[in-house]
Amino acid sequence: MNDILFGGFQALLAIAAAPLLLGWVDQCRAWLQNRRGAGVLQPYRVLRKLMRKDAVIAHGASPLFRAAPYVQFGAMCLAAAIIPVVSITAPLAAAADTIALVGLFALARVFIALAAMDIGTAFGSLGARREMLIGFLSEPALLMVFFTASLICQSTLLPTIVGTLAHRELVIYPSLAFAGVAFTMVLLAENARIPIDNPATHLELTMIHEAMVLEYSARHLALIEWASALKLMNFTAIGLALFVPWGLTAAAAGPQGLAVGIVTTSLKLASAGVALALIETVSAKLRIFRAPEFLATAFLLAVLGLLVHQLLGS
Amino acid sequence: MPSALPAIFTLVAGWVVLGATGLLLPRNLVWVSRVLFPLGAAVGVAIAVFAGSALALPAQTAMLPIGLPDMPMHLRLDALSAFFLVLIGVTAAGVSIYSAGYFRAGEGAAPGLMCLQYHVFLASMAMVVLSDDAFAFMVSWETMALASYFLVTTQHRVAEIRSAGFLYLLLAHVGAISLLLCFGVLQGGSWQFTFNAMRQATLSPAWASVAFGLALFGFGAKAGLVPLHVWLPEAHPAAPSPVSALMSGVMLKTAVYGLIRVSLDLIHTPQWAWGVAVLALGAFTGLFGAIFAAVQTDMKRLLAYSSIENMGLIFTGFGLTLLFRALGQNTFAALALAGTLYHVLNHAQFKSLLFLATGSVLHATGQRNLGRLGGLIHRMPWVAGFALLGTLAMAGLPPLNGFVSEWLLLQAYLFTPSLPQGMVNMLVPIGAAAFALTVALAAYVLVKFYGVIFLGRAREAALERAHDASWLERCGLAWFALACAVLGLFPVVVLGALDRINTELLGASLGTQATSWWAVVPTSTARAVYSPLAFAAGIGVAVLAVFLLVRGIYHGRVRPSAAWNCGFPDPSARMQDTAEGFGQPIRRIFAPFFRIRRQLPAPLDPAPRYALDLTDRWWDWLYRPVADAVKASADRIGVLQQGSIALYLLYSFVTLVALLAFVL
């Protein structure tokens, strides 16, 4: 019971803090670009503004269109309950492993892509097609990253993986190094970050994620934005758990342990945000036709990581 | 129920009788569709129930005094046949109920005749899995091929359908010859063609490999393994939709049954190289099918290629089973076999559902071309709803059924490092990568399939008159939708049943299954757990809570308006992606797979036309050269045939002299 309360608290914390991480990344980007920025709380203000507005829905929208934001948000909440963010004890981690997690992200993607095709505009279907294109390459890459970690730890359950990785002696696994690079590339692509997509653009011909959600407004858009922020949070948490697993606590550690966990996780997330902002500032957006090459590289790196593990046994 | 075999055989014979009854009033649609097809569905359910009860029993055998002199037919019902009978029964029940509302007057052959062909087809598939000697097996196998050939060519007045049927028949027979030879090798010099004799025969490893190769070729032709897949995308669009559903959902699976029967039961000492071959073929077939499905413009062809893809996934699973089995890792072999059979069952459900949905769309709109559909979710909400479930299941998304089997197979891949063969260890990650890529590509294909048909705006004015499916059709669709949900949410029950097959064929079981009813645990709880129930509950609670919170704290006001579309006026529904457009990225990335002929309009063309023609390179690589070689050799031999009687008498005379010289 204690475990469930503890894990539930952690999931709610992740959901609540997700816009903050996004705000922090945006703020860092602003600083790096010599701008003042809107402050780390800007995403919350946007959400509040959107929630209050009337939803404008195109004629000819089907129920699927209105349901998709809820499904996407629900999927991301469930993901937050599977991933160890602050502590190793995630409430639903025993119900779904890393493969199910990949399936969960795919579920959210398919729903939002279908919703994008629902209104029947040129941009909607264009966005859906591009999103699925990115998805079909990044999903297997992510799966291969998880496979590498699973082979090292003999388990596909995230808490077990994180527990095993956190308690090993500090050596560099060559396979994990490959996996780490691949994971970073997947993170950028999945979260519509710069080399693949620009979250700040509305330039019609280059946008991917924004093209899909073009017809959404008000509370539906707010949920989608929040779900995107939560997705970034989830991916960052996965990355930290796999590659920098130290500092996560278990439920048994009590409130003190929780406090320590929150502090270390916040620090790790903040530095990850800085790194993300740095990557986005120093790189340019790729042409859409180059995106498959970028993702194929990530996929090959992940498979190489797997092969290296098989070859070296580490 | 001590013995289910007589009951099942009686029921199967009942199918044939039902079919023959159709001939009493061959032109009476009401008699055939409202009476005989629902009865056929009831028989299907009964077979599934009896076979399901037989899963728990030891194997039963029976002998029928029909057949050639001194060659009675042997029947055997063990766990493997019982599982496939459940599959046939459940799928046939749904398809029959749907067919009761589907067939219309004036479409192709007389309803009574179709009823006969349809039920003979069902009965022959059941007999294939019940046969216990090569003779009965081949007779059932060929009856199945012929019955389905006649069903494919129902509309035989269309030339394309006739040629599609011919291609199907040709490949079915090439495969059957290979199977015949395979059984010839398997009898191992005893000249006994019962499966029991084959089990006892000892083959040298080389002859066992020959037998396995022949079986792989023969069953591969039926299953649509690349490069023997070419008949699938031709035959499926040609056949009426319920027949496509049966062929794709069940008939392809009999090939899987056959291969399992031959390699794990009859030969029973698999070699690891076979596993590698099946794994590689399956992985390539899966990827090939997914890539081709992504660029199709005909909705039934798209589904046919998707069947090729799924058969590829199934064969990778079976390849893993053989590998594990050959290298002595029986528990892991059990995991892989359970995943394989689970996917066999799942594919039958969601593929039937989608084929039947395309049948309803075809009847409502008269269109198979994706580029002329769109927006049907508004006109056909029931079909769209069921199809959405099937789409999500086939895309391998949790918590539906497609995901469970893919999860099991991926888990099986994760056990491959324990294989003692170093080389194989290196190959398997590549197989896992191909598997993951195929599954992800399937999601792309299905977003295209569903989005272009059901979502967006109608691309043709005629679609405004489309109507939803009749209530019997909806019942059939609901049957499969329910199966997808149940198989997805309660995998532990299914795996418990599949474990009987594992015990029977591999002598190993997944054991730990029994410890929890709500979660799948392949080996141990520390290793991997997946609970679809918790998963569905988690997402459901989250969605509901968010919905109530947003409504409670804020509001639910909605203002309808024109689409925003970045402020661009968008007058035409033709601005939406067509099927070609949606497949364009895949065509670009995987260009070497296709032979592309494209016609682009000139910049100032007053009547611009865009044409795109994609063809399968296997026609150039394999089929044309073989066809040319056959024709060339026929021409050579044709020189002998001069048409003059004197010459033929001379041939007889020369032959006689030669024979005399040989004898003396």
Answer residue from segment B:501-540, given it is outside any loop (DSSP other than H, G, I, E, B) and at the interface with another protein chain (Cβ under 7 Å from one of its Cβ atoms) and is nearest to the chain's Cα centre (by Cα) among those: B:Tyr530
Count - residues of segment A:283-294 that are at pLDDT 90 or above and either away from chain B (no Cβ under 14 Å) or under 16 Å from the mean Cα position of the chain (by Cα) (or both): 0
Out of segment B:374-432, which residues are within 25 Å of the chain's Cα centre (by Cα) and more than 20 Å from B:Gly286 (Cα to Cα)? B:Trp382, B:Val383, B:Ala384, B:Gly385, B:Phe386, B:Ala387, B:Leu388, B:Leu389, B:Pro398, B:Pro399, B:Leu400
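Any residue that is outside any helix (DSSP H, G or I), free of Cβ contacts under 8 Å to residues at least 60 places away in the same chain and in contact with a Lys or Arg (Cβ under 7 Å, 6 or more places away or on another chain) - is there at least one of those in segment A:232-245?
Start the filter on segment A:232-245 by keeping residues that are outside any helix (DSSP H, G or I), which leaves A:244-245.
Applying the additional criterion that residues be free of Cβ contacts under 8 Å to residues at least 60 places away in the same chain yields A:244.
In the following step, the residues that additionally are in contact with a Lys or Arg (Cβ under 7 Å, 6 or more places away or on another chain) were identified as A:244.
Within segment A:232-245, one or more residues are outside any helix (DSSP H, G or I), free of Cβ contacts under 8 Å to residues at least 60 places away in the same chain and in contact with a Lys or Arg (Cβ under 7 Å, 6 or more places away or on another chain).
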Hey, among B:Asp605, B:Asp635, B:Asp613, B:Asp620, which residue is surrounded by 11 or more Cβ atoms within 10 Å (Cβ to Cβ) and of a type outside the set (Ser, Thr, Tyr)? B:Asp620
Answer yes or no as to whether A:Gly163 is part of a helix (DSSP H, G or I), surrounded by fewer than 23 Cβ atoms within 10 Å (Cβ to Cβ) and at pLDDT 85 or above. no
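Which one is farthest from the chain's Cα centre (by Cα) among residues in segment A:25-47 that are β-branched (Val, Ile, Thr) and part of a helix (DSSP H, G or I)?
In the first step, residues of segment A:25-47 are kept if they are β-branched (Val, Ile, Thr); the result is A:25, A:40, A:46.
Restricting the remaining residues to those that are part of a helix (DSSP H, G or I) gives A:25, A:46.
Details: A:Val25: 14, A:Val46: 20 Å.
Going through the qualifying residues, I end up with A:Val46.
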Hey, does segment A:296-314 have a residue that's within 14 Å of chain B (Cβ to nearest Cβ), part of a loop (DSSP other than H, G, I, E, B) and under 29 Å from B:Ala432 (Cβ atoms)? yes
Would you check if A:Gly273 is more than 9 Å from chain B (Cβ to nearest Cβ) and over 29 Å from A:Asn34 (Cα atoms)? no
A:Tyr173 fails exactly one of the following numbered conditions: (1) within 14 Å of chain B (Cβ to nearest Cβ); (2) in contact with a helix residue (DSSP H, G or I) (Cβ under 7 Å, 6 or more places away or on another chain). What is the number of that condition? (1)
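Let me confirm something: among B:Ala462, B:Ala412, which residue is more than 7 Å from chain A (Cβ to nearest Cβ), farther than 26 Å from B:Arg325 by Cβ and out of contact with any strand residue (DSSP E or B) (no Cβ under 9 Å at 6 or more places or on another chain)?
Details: B:Ala412 fails: farther than 26 Å from B:Arg325 by Cβ.
Among B:Ala462, B:Ala412, only B:Ala462 is more than 7 Å from chain A (Cβ to nearest Cβ), farther than 26 Å from B:Arg325 by Cβ and out of contact with any strand residue (DSSP E or B) (no Cβ under 9 Å at 6 or more places or on another chain).
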Kindly list the number of the only condition in (1) assigned to a helix (DSSP H, G or I); (2) out of contact with any helix residue (DSSP H, G or I) (no Cβ under 6 Å at 6 or more places or on another chain); (3) more than 19 Å from B:Gly396 (Cβ to Cβ); (4) more than 8 Å from chain B (Cβ to nearest Cβ) that fails for A:Arg130. (4)
Can you pull out every residue in segment A:223-267 that is at pLDDT 90 or above and either basic (Lys, Arg) or farther than 30 Å from A:Ala182 by Cα (or both)? A:Lys231
Restricting to segment B:195-220, and then to whatever is part of a loop (DSSP other than H, G, I, E, B) and either crowded, with 22+ Cβ neighbours inside 10 Å or not aliphatic (A, V, I, L, M) (or both), can you tell me which residue is modelled with the highest pLDDT? B:Ser204
Quick count over segment B:541-580, residues being facing another protein chain (nearest Cβ under 7 Å), under 17 Å from B:Gln296 (Cα atoms) and either in contact with a strand residue (DSSP E or B) (Cβ under 8 Å, 6 or more places away or on another chain) or part of a helix (DSSP H, G or I) (or both), is 0
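Looking at A:Leu187, A:Leu151, A:Leu143, can you tell me which residue is crowded, with 20+ Cβ neighbours inside 10 Å, away from chain B (no Cβ under 11 Å) and assigned to a helix (DSSP H, G or I)?
After applying the criteria, what remains is A:Leu187.
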Name every residue in segment B:103-133 that is of a type in the set (A, V, I, L, M), at pLDDT below 90 and assigned to a helix (DSSP H, G or I), in order of residue number. B:Leu113, B:Met114
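Does any residue of segment B:302-325 turn out to be touching a helix residue (DSSP H, G or I) at 6+ places or on another chain (Cβ under 7 Å) and surrounded by fewer than 24 Cβ atoms within 10 Å (Cβ to Cβ)? Give the derivation first.
If we filter segment B:302-325 for residues that are touching a helix residue (DSSP H, G or I) at 6+ places or on another chain (Cβ under 7 Å), which is where we start, we get B:302-325.
Pick out the ones that are also surrounded by fewer than 24 Cβ atoms within 10 Å (Cβ to Cβ) and you get none.
No - not one qualifying residue is present in segment B:302-325.
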For segment B:184-194, how many residues meet the condition of being touching a helix residue (DSSP H, G or I) at 6+ places or on another chain (Cβ under 6 Å) and not in a loop (DSSP other than H, G, I, E, B)? 2
Only one of A:Ala108, A:Ala81 is at pLDDT 90 or above and either part of a helix (DSSP H, G or I) or of a type in the set (Ser, Thr, Tyr) (or both); which? A:Ala108
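Got a sec? Which of A:Phe123, A:Phe136 is over 16 Å from A:Glu215 (Cα atoms), crowded, with 24+ Cβ neighbours inside 10 Å and either in contact (Cβ under 8 Å) with a residue 40 or more places away in the chain or not acidic (Asp, Glu) (or both)?
Matching residue, one of A:Phe123, A:Phe136: A:Phe136.
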Only unsatisfied item for A:Val56, checking (1) more than 17 Å from the chain's Cα centre (by Cα); (2) more than 9 Å from chain B (Cβ to nearest Cβ); (3) farther than 21 Å from A:Leu276 by Cα; (4) in contact (Cβ under 8 Å) with a residue 24 or more places away in the chain, is (2)
A:Ala108: passes all of (1) at the interface with chain B (Cβ under 8 Å from one of its Cβ atoms); (2) closer than 30 Å to B:Ile453 by Cα; (3) of a type in the set (A, V, I, L, M) but (1)
Residue in segment A:48-62 that is nearest to A:Leu20 (Cα to Cα), counting only those that are assigned to a loop (DSSP other than H, G, I, E, B) and out of contact with any strand residue (DSSP E or B) (no Cβ under 9 Å at 6 or more places or on another chain): A:Lys53
Members of segment B:546-566 that are surrounded by 13 or more Cβ atoms within 10 Å (Cβ to Cβ) and among the hydrophobic types (A, V, I, L, M, F, W, C): B:Val546, B:Phe547, B:Val550, B:Val558, B:Ala563, B:Trp564, B:Cys566
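Can you find, within segment B:436-447, the residue that is farthest from the chain's Cα centre (by Cα) among those that are under 16 Å from A:Thr98 (Cα atoms) and either more than 10 Å from chain A (Cβ to nearest Cβ) or in contact (Cβ under 8 Å) with a residue 24 or more places away in the chain (or both)? Even if it seems obvious, please write down each step before you answer.
Pass one, segment B:436-447, residues under 16 Å from A:Thr98 (Cα atoms): B:436, B:439-440.
Next, from what is left, pick out any that are either more than 10 Å from chain A (Cβ to nearest Cβ) or in contact (Cβ under 8 Å) with a residue 24 or more places away in the chain (or both): B:436, B:439.
Numbers: B:Ala436: 20, B:Val439: 16 Å.
Residue satisfying both the conditions and the ranking: B:Ala436.
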Matching option when the condition is modelled with pLDDT of 85 or more and crowded, with 24+ Cβ neighbours inside 10 Å, among B:Ala54, B:Ala62: B:Ala54
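The values are calculated or read from the model by the stated rules, or taken from the named source; none is laboratory data. Keep in mind that what you see is a predicted model, and the values were worked out from it rather than measured. With ideal geometry, Cβ positions are generated from the backbone for all residues, glycine too; neighbour counts draw on all protein chains shown.
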